[in-house]
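Every read-out reported here was derived from the displayed coordinates using simple, explicitly stated rules and does not represent laboratory data. Because the structure is a prediction, the values reported are computed rather than measured. Quick reminder, even Gly has a Cβ in these numbers, built from the backbone with ideal geometry, and neighbours come from all protein chains shown.
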Amino acid sequence: MTNDSDKQDYDPEAVEIRPAATVMLIDDRPDLQVFMMERHANTVFAGGMWVFPGGAVDATDDSSIFQESCIHRSDAEASRLMGLASGGIAYYVAAIREAFEEAGILLALKREGLSPLDLSVDRRAERFQAHRDDVNDSNRHFMEIIEDEDLVLDAGEMHYIARWITPLGPPRRFDARFFIARMPARQTPIHDDGELVHSRWMSPKDILRRAEAEEMVLMSPTLRMVKNLALFDSAEQVIASASTNQVDEKARVTRDTRVIVMPGEPGYDEGLTDIETGWIRLRPLPA
């Protein structure tokens, strides 16, 4: 929510660029769909816009704390994928934590036997909603929930597919790493009803149609991610592509329309490289 300090003058050049992580949750329902949430109009960053679950990387997400609670991807592998010397797994942890806080989805496995987390039986959904409320109210730390429920974070189910750095100007700036993951079975997403006021499953093509008709407002990188997602027919195809860690495709912005374009698209050769800084590695695999 906004407060008086948010409305004060500030120097855009002095705004810190904070590390952040976002996860696109996809599924076949029965067509390819992605889970979208609408932010409250009064939030400082992206107010009123439709987004994927995500947020800033906290100090507590650091790999030294969570390394033993992550499975199927090491910090060394995560860091290599991101071009970092170390600490890459913290972005995966942040994305998993934010998905739980904002959408109620926990990308985790039971430590014993590594079985999928099933929230559809034994009043578990109610119990985990209480956990979520405690974390969002700062009554408990996310890691406590993981330890108490004897879980491990399934970083292997998440694939690193993009990086976007928000442009100069806003009071908050982020260096956001984007991930994609398939929605866990036997879990149901729902927005937090605080910073996020609406949510729904939507097909990429429907999102693009609604954005074109100005029925939905999306940040430029979010819209670009949806455009790439619309190139696929199924969640299986998306994950197969994302897991190959394709070569980064650097984005540019068209001079006239300020639309983010990728190599091979109209306006790319003459596009600008210093406005929306980012790249994507999400394209259908060759047939």
Relative contact order of segment 20-280, please, whole-number percent, based on alpha carbon pairs below 8 angstrom and at least 6 residues apart. 24
Quick one: compute a quarter of the convex hull surface over the Cα atoms of segment 71-111 and quote it in nm². 3.1
So what's the gap between the Cα centers of segment 96-145 and segment 178-241, to the nearest angstrom? 22
What net charge is computed for the residues neighbouring Tyr91, neighbours being all others with C-beta under 9 Å from the C-beta of Tyr91, Lys and Arg scored +1, Asp and Glu -1? 0
Equivalent ellipsoid semi-axes, the chain, via Cα gyration tensor eigenvalues times 5, rooted, Å: 29, 23, 20
Quick check on the exposure proxy: order Glu276, Glu147, Glu265 from fewest to most C-beta atoms within 10 angstrom. Glu147, Glu265, Glu276
Within segment 164-238, GluC sites (Glu not before Pro) in DSSP loop having at most 16 other beta-carbon neighbours inside 10 Å: Glu214, Glu215
May I ask for the Rg/Rh ratio of segment 128-212, computed from Cα atoms with Rh as the Kirkwood radius, given to two decimals? 1.00
D for segment 192-287, whole µm²/s, Stokes-Einstein with Kirkwood Rh over alpha-carbon pairs at 10 °C and 1.306 mPa s: what number? 107
Could you give the size of the charge dipole of the chain about its Cα centre, using +1 on the Cβ of each K and R and -1 on the Cβ of each D and E, expressed in debye and rounded to the nearest 20? 820
What per residue convex hull volume, in Å³, comes out for segment 45-177 when only alpha-carbon positions are used? 130
